[in-house]
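Below you'll find the structure, written out as C-alpha cells, and then a few comments.
What follows is calculated from the coordinates using simple rules that are stated; it is not laboratory data. The model shown is predicted, which means the values in this text are computed figures rather than measured ones. Neighbour counts are summed over all protein chains in view; Cβ atoms, including those assigned to glycine, are modelled from backbone coordinates with ideal geometry.
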Amino acid sequence: MAITGSLTKKATASNNLVPVLPAEVIEWEILPRLSVKSLSQYKSVCKSWNLRISTDHNFIKSQLHHSDLSRASLILHQEVGHENYFNSYIVGCINGLVCVFRWHADASKELEIAVWNPATNLCLVIPPLPKRSVRRCNVISGFGYDSVENDFKVMYGSLIEEKPLAVDVYSCKAACWKKIAPSNILYRGKISQKWKPIIFNGSPFWLIQKRQDVEISLVVISFDVRVEVFRLLPSFSCMDNNNFKRFVLMNFMDSFAIMVYDVRMHSVEPIDAYIFNQISSVWNKKISIGPIICKEPDIKLKEIAIGTFIRIPETIMLHSIILCSRNGDILFLNARSCRLYGVNPKTHTIKLLKDGSFAERIYNCLNYSESLSFVEGMKPLSDKRYGGNFIFLHKETLELAPSYQYI
C-alpha cells in the first residue's frame, strides 16, 4: 500500500509538470488549422467539439480562412460523356460549396440544381424551378453569397431578346424560389457558352454580346446578390466584335478584371489585363503578359506501323484562358483542352498542372478550398452522381508540377 501511494504521488507530481493548453487555444488556434477529414473525426471527441465543428459559423469561417492559406486547390470539370444521360456543369464555387446544374438528355425531364460540399459530401438538392422559367437554351445561371445575411443564392433566368433581364432566385436560407422584378437592362443579344460567368465578392458576373442596330459589342452585367438587382458595367473601347479577340472575366489577384488577347491559328499575342475600379467605375489597363510560346518536352504523338512511337517536340497552343489561381498564375487550356497549364507572369515560367486524353477533355476550372460550410437541409450524398466529372488538384500537386521557361 505504501508503494502504491508513493507511485500515485509521483505520478501526480509528474502530471502537474505537463503544461495544459487552455480550451480556447485548442478550439480556436489548433482545430481550425486541421483538414476537414480530421475535424469530421474529432466531432466524436465530445459534445462541445461536435457543436463547434458542425454548427458554429465563426469556427467554420476560421477553418475556411486557414484552408485558403494552406490547402487552396482547384476543381476541374471534365467532359467524360453523358453518364446516365446526364450532363453536369459547375455554375460557381463559394466558400467550399459548389453549385452544380445537371441536365437530362430527355428534354421532358426537369433540370436538377444542387449545392454540394465535396469535402463533407453533404448536398442540398434544390426544389424544381417554377415551370415558367425552365428553358434549355439561351439561359443565364449563377451562384452568389450574401455575406450580411449568410445566405447562398442560386439564379436562373431565360433570356428573351428585346425583353428586360429577369431571373428566379432561390434563397437557401429562406428555402424558396422568388421571381425578381425585371431590370431596366434591355436584353439584345446572347450569352455564349465560351464566356463562363465568374463570382466576385459574392456576386456573379456575365459577359454578354449586345446588339445595337447593326453594331455588336460586349457588355458586362452583374447581379447584386444583397439587393437582388442587375447592374450594367461601363464598356471600354477594345470590347468590339473581333473574331480573333478573346475576352475572359476573371478575379485577378483580388481585382475584377477582363483578360483580352488575340488568337490566330493558336499563336498567342500578349494578354492585356483590364482592371475595373469599383469606386470610380473606370476600366484601367494594368499589365500585359506574354506572348506565351513554349516548347513542351518531347511527347508521344502517334504509333507508326512497326510498333514504335514517333517523338517530336510540340508547341504549347493556347486554346482558352480559364482563371487566375490564388497564387497569381493564369490558367489556360491547350488547343485540345486535354492539358491544363499555369503561367506565372512574374517569373515567366509555365507549369503543366493536369494532363489527360482526348476522352477526358477539361471543360472548366475553378478555385476551391476545403471547408465545413453548409446550408440548412443538406444531406449526405449516398450515390456517386458527380463521380468522374469533377477532379480536384490540391496545393501540393500544383506546387510539384513540372515547370519550364516560356519564350
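Straightening the chain between residue 147 and residue 179 buys 9.4 nm, computed as 0.36 nm per residue apart minus the Cα-Cα spacing.
Taking the mean number of other Cβ atoms within 10 Å as a proxy for protection, how do you rank 393-403, 196-206 from highest to lowest?
Peptide ranking by packing, descending: 196-206, 393-403.
Scoring 110-117, 95-102 by mean Cβ neighbours within 10 Å over their residues and listing the highest first yields 95-102, 110-117. In this calculation the C-beta distance from residue 361 to residue 104 is compared with R0 = 25 Å, giving a FRET efficiency of 0.75. Each peptide in 174-181, 369-376 was scored by the mean count of other Cβ atoms within 10 Å over its residues; highest first, the order is 369-376, 174-181.
Full extension of the chain between residue 282 and residue 254 gives 8.4 nm of extra length, using 0.36 nm per residue less the Cα-Cα distance.
Shown is the FRET efficiency for residue 55 and residue 24, computed with R0 = 22 Å from the Cβ-Cβ distance and rounded to the nearest 0.05: 0.75.
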